[in-house]
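The values are calculated or read from the model by the stated rules, or taken from the named source; none is laboratory data. This one's a predicted model, so the numbers in the text were calculated from it and none came from an experiment. Every residue, glycine among them, receives a Cβ derived from its backbone with ideal geometry; neighbour counts consider all protein chains shown.
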Amino acid sequence: MRVSESVIERELAIRLAAMDWLATFGTESTFRYEQLAQFQFRGNRVPLTDRGRGIRKPAQLNAALSFSTVFTPPTGVPPYEDAEGRDGLLRYKIRGEDAAHPENVAMRAAYRQGLPLIWFVGVAPGLYLPRYPVHLVGEERGQFVVALDQAQRNLARAGGETVTEDDRRYAEAITRRRLHQPLFRARVLQAYESRCSMCHLRHASLLDASHILDDKHALGQPVVPNGLALCKIHHAGFDQNIIGVSPDLRINVRRDILDEIDGPMLKHGIQALEGERLTVPRQRLAAPDRDRLAVRFADFLAAAA
């Protein structure tokens, strides 16, 4: 059945209004269901997610508006890690085994009409980081293929066997930038209560999620125990081995830096950290992994030698 132009226009209008509303909170903001239920379109409330359901299709729409990925515990790798295809694009499982389930039909309608969707990714129980706009660019073996930007949509159009290794790596780079990195940051900052683990600065806009071991390392997965919440100055110092953290959670400052004479930032912001204890999350499973810290601390000691 041909969908009328007016219906398509309404589908797009609600989606774009929802994305504009989310954007007013900032691109790195996280949301609870109660907040997402407050969105209104032309005076009518249109909740952007459903409790207990992964796919949201409001009554006003013919196609899905959003889909969600549940929270993964701090030591677990988010489920999308196991759902990347050989093309580097992400997959989202259909609901259950019934391809004709109304929620799957709603997702299929969004795919066939090329409509933008919002992907809500779990950061903590009941807390979500939205990624938008995303598009469904294929359906295969009980799952939908997800593109995070126009470049990935173009890659999907190239088709399975024509995708080169360079194409795949490019797609994976986009996924790291648009999903993995923002999600890792959100989960780490949530665990550390938006506070620098070294200086206790609480301004989230000045905080980063620093990897203890980078993603090239075998233990460099984007999980909370491989992360530290650090302000930008201490993140840079940690990355450059000016500051190190021992497996017993003590902060170390490189000897030549301790001996240096400079202004108050060096004295109070870096040198004063020597011997202080790192502040860690309340949840034990979210604390920095000591084996990873040991590997990274060996790099710090080598740089200090």
_From VAL134, VAL105, residue being assigned by TED's automatic domain parsing to the domain that holds GLY54 and in a strand (DSSP E or B)_ = VAL134
*Does VAL3 fit the bill of being exposed (fewer than 15 other Cβ atoms within 10 Å of the Cβ), part of a helix (DSSP H, G or I) and at pLDDT below 95?*
no
*Cβ-Cβ below 7 Å, separation at least six or inter-chain, first residue in the range 225-236 and surrounded by fewer than 21 Cβ atoms within 10 Å (Cβ to Cβ), second in a helix (DSSP H, G or I): which pairs?*
LYS232/LEU206; ILE233/GLY269
*Return the residue satisfying two criteria in turn: it lies in the range 237-271 and is in contact (Cβ under 8 Å) with a residue 24 or more places away in the chain and part of a strand (DSSP E or B), and of such residues it is surrounded by the fewest Cβ atoms within 10 Å (Cβ to Cβ).*
ARG250
*Which one of ALA63, ALA13, ALA59, ALA17 is of a type outside the set (Phe, Trp, Tyr), in contact (Cβ under 8 Å) with a residue 24 or more places away in the chain, exposed (fewer than 13 other Cβ atoms within 10 Å of the Cβ) and not in a strand (DSSP E or B)?*
ALA13
*(1) modelled with pLDDT of 95 or more; (2) over 13 Å from ALA286 (Cβ atoms): which one isn't true of LEU189, the others all being true?*
(2)
*Could you grab me the full set of residues in the range 277-305 that are farther than 24 Å from PHE71 by Cα, modelled with pLDDT of 95 or more and assigned to a helix (DSSP H, G or I)?*
ASP291, LEU293, ALA294, VAL295, ARG296, PHE297, ALA298, ASP299, PHE300, LEU301, ALA302
*Residue satisfying all of: in the range 216-243; under 16 Å from GLN181 (Cα atoms) and small (Gly, Ala, Ser); modelled with the lowest pLDDT among these*: GLY220
*Write out, first by first residue and then by second, each pair whose Cβ atoms fall under 6 Å of each other, whose residues are 6+ apart or on separate chains, and whose first residue, in the range 149-168, is assigned by TED's automatic domain parsing to the domain that holds LEU136 and of a type in the set (D, E, K, R) while the second is assigned to a helix (DSSP H, G or I) and modelled with pLDDT under 85.*
ASP167/LEU155
_Residues of the range 166-190 satisfying the condition of being hydrophobic (A, V, I, L, M, F, W, C) and under 22 Å from ASP87 (Cβ atoms)_ = ALA171, ALA173, ILE174, LEU179, LEU183
*Can you find even one residue in the range 26-34 that is more than 17 Å from GLN113 (Cα to Cα), touching a residue at least 60 places away in the same chain (Cβ under 8 Å) and among the charged types (D, E, K, R)?*
yes
*Subset tally (residues that are without any contact (Cβ under 8 Å) to a residue 40 or more places away in the chain, surrounded by 18 or more Cβ atoms within 10 Å (Cβ to Cβ), within 21 Å of ALA173 (Cβ to Cβ) and out of contact with any Phe, Trp or Tyr (no Cβ under 6 Å at 6 or more places or on another chain)) for the range 191-224*: 2
